[in-house]
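Visitor: Okay, handing you the structure first.
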Amino acid sequence: MARIMARYEPSEIEPKWIERWEAEGLYRASDDPRDDRPRFYALDMFPYPSGDLHMGHAEAFSGGDAVARYKAMQGNDVLHPIGWDAFGLPAENAAIKRGIHPKEWTYANVEQQATSFRRMGMSFDWSRRLNTCDPEYYRWTQWLFSRFFERGLAYRKTAAANWCPHDQTVLANEQVKDGTCERCGSVVVRKDLTQWFFRITDYAQRLLDDMDQLTEWPERVLTMQRNWIGRSEGATVTFEIAETGNTVEVFTTRPDTLWGVTFFVFAPEHPMVPELAKAGGTWDQVEALLNRQQVTPLTDKEQAETREGIALGVHVVNPVNGEKVPAFVAPYVLMEYGTGAVMAVPAHDQRDFEFAREHDLPVRIVIQPGSEHLDPQEMTEAFAAEGVMVNSGPFDGERSPQSIATVTAWLQQQARGEASVSYRLRDWLISRQRYWGAPIPIVHCPDHGEVVVPDDQLPVLLPEDVDFRPGGQSPLARHEGFVHTTCPICKGPATRDTDTIDTFVDSSWYFLRYCSPREASGPFDPDAVARWMPVGQYTGGVEHAILHLLYSRFFTKVLHDMGLVGFTEPFPRLMNQGQVIFDGASMSKTKGNIVEPMPIVQAWGADTMRVMMLFAGPFEDDIDWKLIAPEGDRRPGVTSWLGRVYAAVFDAAASDAEQSGALTRTQHRTVQGVTEDLERFRFNVAISKLQVLSNELRAALDAGAGGRQAAEALTLLLAPFAPFLAEELWREALDHPESVHRAPWPSFDPALTTRDRITLVVQVDGKVRDRIEIESGADETAIEQIARASENARRALEGRELAKVIVRAPKLVNFVTKR
RNA sequence: GUCGGAGUGGCGGAAUAUGGUAGACGCGCUAGGUUGAGGGCCUAGUCCUCGCAAGAGGGUGGGGGUUCAAAUCCCCCCUCCGACACCA
């Protein structure tokens, strides 16, 4: 068999097409309002510019690019933008280490990543490129801050904040992992600080409710967000201070245990604590505790474990039975949750139980389990399961937890409490005491307080001549020229706020900016946003399941309430790619096991890198690089396959022979299958189907038959995965003048997706006894007859009595015998 | 502990939405061919046990159930992974 022995040379093919595509403006979104094509917004989570791209980017963007290209071939006007999340701590830390400016470091990395993306052949609309650290971008981040401020959604308060002693900055709750700083791993301490917050808690219920719209999100992400918001239903109950007559509210999810309250606990930061301690004559000890907390704050872990506490010397009155119980102050009660004070029910709450044992307080059982009888003396842990209410006045004998509702109704009727809902979600702390971020556009005036910088004075430029080494306060505070300004209202001397905005604010609206990236009169052109949003497909790592995705959802709802956007959810369809790991462990600089994609691209080509990553396994699963890496300089299996495709398509193009019916059927079946797989992001399965088609094409050509149509279909289907090879084959082998990436996605004829010969399976009592090749299209009677003629089936049926025959045309007959 | 997800060859994984040939496709491995050698490329084989073969038996974490038929649906259990975890 004579074959054209042309060799597949990615290093010659790929650079050529990069230039041609750019010259042809192939990937520019038209965004012409008169363009009547449907629009599709394919969005990838934008990268952080630390060094060159890593393997995780390679996988994620290969998937995102496949979707964008597929949608374009389907006739959509596709918006597939790229930009950089370019503000942030790592730039600053790296800059300090290397003695260069964060700006220089950042832009150098952005350029390197852009170069790598280009070499990979990503179908980005480069004309929309943006960086969050460009003044033209952060001007609008500041503008949005101002709008939030005006609406009361941005505010400053003093509260216990997460302080990272290493990075010398506060962190959002979401940036603390297991009590340590997400970035550097240092143990985070709680410190009272005055900070800026966004009032995301106002949107807690809507963030929860609107998850109904997110039917195309992975279940685990929805669950994580639900847990993070942490809605709890319960009741607010009002207690009175016996000694002072003041009232204090508590939130409880267990109003059915109210009769079991034996003491009461305030968080140390609770505003009533000083006056109560003074009234109770315990201020000296309490003050010592508060001061110690301030000087050596507890870590999350310490706070979680301590059961220390001080009796305040005052008592609260239990509204359900008039009992006076002692009040304590203890760090295990958090000011940030509920009301900052709790009614303690040691018999039925483990924390209260431990505190009671530590401080020798009574334990009173008010829920008895059905089986054994609880004895307060012998209990070793709180009883929190179902049971029957006892010692509970009018409610004795009621079943708990069903009784929660009746008790709550009764409290409400008696005006001693009411049903209420509490959320775990806290307001979003957005100020940072670091340099490389957008300055908060606020001026502090001695007469007018916090004054927002007028829009026409934005951006508040980040000065470059700053000593940006961390020092406990914002580096900007040391820049005299930045700090001193005038009050926008009275023109008197005033100072600028010297904190910078959390970079998660930058990334909470970048997807809107992409719709009109050069817009000069606002953060975005509402018409352009209306044309493109919401995003058609959002692709990125699951590490953003809470932070970025929750914040972006919040931003979108605020913008919706401001009338700037017409939708409430930005990303109805979300796809999370898995992590790329190495030998079972995550890649990291400290482990020195980072693999970068560019050496693979240099050695074997971008198409190989893409197909390798997408074929390695399900997109959402982790990929262990050790298991798929080519050994030494051996040719990767993927490259071999692409080489066989190359040769087969050239051979098919050169052949005048007729294509067989069987190959045509495989062709149509493959078009159908790959289309379905792309809709469901099953790239690995799609590629396996392309391999089947290319194997059959090769076999057909070797047998002297033709395969031009199959080769065309194969090339079109290959385009989302291996865009360079597909282009080379489309234009050079198959001789089309236009790009394969502008060709219409192939269609299939349902009548041709079935095989012409199929395997009839003959079973006896569900066990396969024979397989017979038959013409497809045989009806039930025909296949039953064929099955009855099977020698193997007859042998298995010998000596048994036939009970019934199950016939499922066209491919199964099951003979069921009597038992 | 709570909430999610997942357990299939030596390996990555198909088949699960829609119950109907388990192991597609690929990696690796074995044998052979081509080549000065290596790489590359090509051909064949590759779930386990018995058998020369035809074939038979077993097999999708474990146990039970539904069904003519279960990797797939239902119940219980085990293991692994992930998130959250004094949230009152």
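Visitor: If all Cα-Cα distances of region A:577-639 are sorted into 10 Å bins from 0 onward, what percent lands in each bin, rounded to whole numbers?
Guide: 21, 55, 24, 0
Visitor: Then there's this: Taking Cα atoms, how many degrees apart are the long axis of helix A:350-359 and the longest axis of chain A, rounded to 10 and kept between 0 and 90?
Guide: Around 30 degrees separate the two axes.
Visitor: Then there's this: Would you calculate the volume per residue, in Å³, of the smallest convex hull containing every Cα atom of region A:46-197?
Guide: On the way: hull volume 24.1 nm³, N = 152.
Value for region A:46-197: 159 Å³ per residue.
Visitor: Please list 3J(HN,Hα) in residue order for region A:662-675, calculated via the Karplus relation 6.51 cos²θ - 1.76 cosθ + 1.60 where θ = phi - 60°; whole Hz, with x for glycine and proline.
Guide: With the stated coefficients, region A:662-675 comes to 5, 5, 4, 5, 4, 4, 5, 5, 5, 4, 4, x, 5, 4 Hz.
Visitor: Go ahead and run the numbers for FRET between A:Gln785 and A:Glu150, Cβ-Cβ distance against an R0 of 60 Å, rounding to 0.05.
Guide: Once rounded, the FRET efficiency stands at 0.15.
Visitor: If I model a spin label at A:Ala288 and A:Lys301 as a point 7 Å from the Cα along the Cα→Cβ vector, what separation in nanometres do I get?
Guide: 2.8 nm
Visitor: Something else now. I'd like the carbon and sulfur percentage of the solvent accessible area for chain A, probe radius 1.4 Å, heavy atoms only, ligands and nucleic acids excluded.
Guide: Working: 16840 of 34730 Å².
Here it works out to 48 percent.
Visitor: While we're on this one: Tell me which residues come under 5 Å, amide H to amide H, from A:Phe328 once H is placed; ignore anything under 5 positions away on its chain.
Guide: A:Phe264, A:Val265, A:Phe266, A:Leu312
Visitor: May I ask you to evaluate 6.51 cos²θ - 1.76 cosθ + 1.60, the Karplus curve with θ = phi - 60°, for each residue of region A:681-698 and list the ³J(HN,Hα) values in order in whole Hz, giving x for glycine and proline?
Guide: With coefficients 6.51, -1.76 and 1.60, one gets 6, 9, 4, 4, 6, 4, 5, 5, 5, 5, 5, 4, 4, 5, 4, 5, 4, 4 Hz.
Visitor: List the aspartates and glutamates whose Cα sits under 14 Å from the Cα of A:Lys811, skipping any in the same chain fewer than 8 residues away.
Guide: Candidates past the 8-residue exclusion: A:Asp756, A:Asp770, A:Glu773, A:Glu775, A:Asp779, A:Glu780, A:Glu784.
Visitor: Can you classify region A:178-244 as rounded, prolate or oblate using the Cα gyration tensor, where a ≥ b ≥ c are the square roots of its eigenvalues, rounded means a/c under 1.5, and otherwise it's prolate if a/b beats b/c and oblate if not?
Guide: It comes out oblate by the Cα gyration axes.
Visitor: With N set to the residue count of region A:765-819, report its C-alpha Rg divided by 2.2 N^0.38 Å to two decimal places. Mind showing how you got there, number by number?
Guide: Values: Rg = 10.9 Å, N = 55, 2.2 N^0.38 = 10.1 Å.
For region A:765-819, the normalised Cα radius of gyration is 1.08.
Visitor: Subtracting the Cα-Cα distance from 0.36 nm times the residue separation, let me have the gained length for A:Ala530 to A:Ala657 in nm, one decimal.
Guide: Values: separation 127, 0.36 × 127 = 45.72 nm, distance 5.15 nm.
Extra length from A:Ala530 to A:Ala657 when fully extended: 40.6 nm.
Visitor: When ligands, DNA and RNA are left out and all protein chains stay put, how many square angstrom of accessible area per residue does chain A have with a 1.4 Å probe? Walk me through the numbers before you get to the answer.
Guide: Details: 34730 Å² over 819 residues.
With all protein chains present, chain A gives 42 Å² per residue.
Visitor: Collect residues whose amide H, placed 1.01 Å from N in the peptide plane, falls under 5 Å from the amide H of A:Arg231; neighbours closer than 5 in sequence don't count.
Guide: Distant-sequence amide H within range of A:Arg231: A:Arg424.
Visitor: Let me ask another. Looking at the square roots a ≥ b ≥ c of the eigenvalues of the Cα gyration tensor of region A:300-442, which shape do they give, rounded for a/c under 1.5, prolate if a/b is larger than b/c, or oblate? If you can, show how the numbers build up before the last one.
Guide: Numbers: a/c = 2.18, a/b = 1.70, b/c = 1.29.
Prolate, since a/c reaches 1.5 and a/b exceeds b/c.
Visitor: What size of dipole, in debye to the nearest 20, comes out for region A:400-527 about its Cα centre when the only charges are +1 on Lys and Arg C-beta atoms and -1 on Asp and Glu C-beta atoms?
Guide: Numbers: 11 positive and 17 negative charges, 118 e Å.
About 560 debye.
Visitor: Describe numerically, in nm with one decimal, the distance between label points set 7 Å from Cα along Cα→Cβ at A:Ser11 and at A:Asp210.
Guide: So the two model labels end up 5.1 nm from each other.
Visitor: Which of rounded, prolate, oblate describes region A:629-685, given a ≥ b ≥ c as roots of the alpha-carbon gyration tensor eigenvalues and a/c under 1.5 marking rounded, otherwise prolate only if a/b is larger than b/c? Don't skip to the answer; put the middle values down first.
Guide: Details: a/c = 3.53, a/b = 1.20, b/c = 2.95.
Note, shape of region A:629-685 comes out oblate.
Visitor: Can you give the alpha-carbon Rg of region A:112-220 over 2.2 N^0.38 Å, where N counts its residues?
Guide: Numbers: Rg = 18.9 Å, N = 109, 2.2 N^0.38 = 13.1 Å.
Here the answer is 1.44, to two decimals.
Visitor: State the dimensionless ratio Rg/Rh of region A:475-566 (Rg: radius of gyration of Cα atoms; Rh: Kirkwood radius).
Guide: Ratio of gyration radius to Kirkwood radius for region A:475-566: 1.10.
Visitor: Taking the Cα of A:Thr238, stepping 7 Å toward and past its beta carbon, and measuring to each backbone N in region A:319-340: which are under 12 Å?
Guide: Those under the cut-off are A:319.
Visitor: A further question follows. Pull out the extension gain between A:Gln74 and A:Ser640, defined as 0.36 nm times the separation in residues minus the alpha carbon to alpha carbon distance; nm, one decimal.
Guide: Details: separation 566, 0.36 × 566 = 203.76 nm, distance 2.89 nm.
In short, 200.9 nm is gained.
Visitor: Cα extents of chain A along the three principal axes, largest first, in whole Å?
Guide: Sorted largest first, the three principal extents are 102, 85, 52 Å.
Visitor: Filter the cross-link list A:Lys97/A:Lys589; A:Lys103/A:Lys591; A:Lys301/A:Lys591 down to pairs whose alpha-carbon distance in this structure exceeds 22 Å.
Guide: On the way: A:Lys97/A:Lys589 15 Å; A:Lys103/A:Lys591 27 Å; A:Lys301/A:Lys591 27 Å.
Too far apart for the 22 Å limit: A:Lys103/A:Lys591; A:Lys301/A:Lys591.
Visitor: For region A:395-519, what log10 I(q)/I(0) values come out of the Debye formula at q = 0.10, 0.23 1/Å, with one point per alpha carbon and no solvent?
Guide: Debye intensities relative to I(0), on a log10 scale: -0.55, -1.33.
Visitor: Another question about this same structure. Give the Debye-formula value of log10 I(q)/I(0) at each listed q (0.25 Å⁻¹), with one equal scatterer per alpha carbon of region A:312-379, two decimals each.
Guide: Reported log10 I(q)/I(0), two decimals: -1.30.
Visitor: Now a separate question. Lysines within cross-link reach of A:Lys324: Cα-Cα under 28 Å, excluding same-chain residues under 8 positions apart?
Guide: Straight-distance partners of A:Lys324: A:Lys278.
Visitor: Show which lysines lie in cross-link reach of A:Lys804 when reach means a straight Cα distance below 20 angstrom and same-chain residues fewer than eight apart are skipped.
Guide: A:Lys767, A:Lys818
Visitor: What nm distance separates the two modelled labels at A:Asp735 and A:Asn695, each placed 7 Å from Cα along Cα→Cβ?
Guide: Distance between label points: 3.2 nm.
Visitor: Another one. Pairs of Cα atoms under 8 Å, at least six residues apart: use those to get the relative contact order of chain A, whole percent.
Guide: 14 percent
The values are calculated or read from the model by the stated rules, or taken from the named source; none is laboratory data. All of these numbers come straight from a predicted model, not from anything done at the bench. As a convention, Cβ positions derive from the backbone with ideal geometry for all residues, glycine included, and neighbour counts pool all protein chains shown. Ligands, DNA and RNA are stripped out before the accessible areas are found, and what is left, the full protein with its side chains, is counted by its heavy atoms. Shrake-Rupley method; radii C 1.70, N 1.55, O 1.52, S 1.80 Å.
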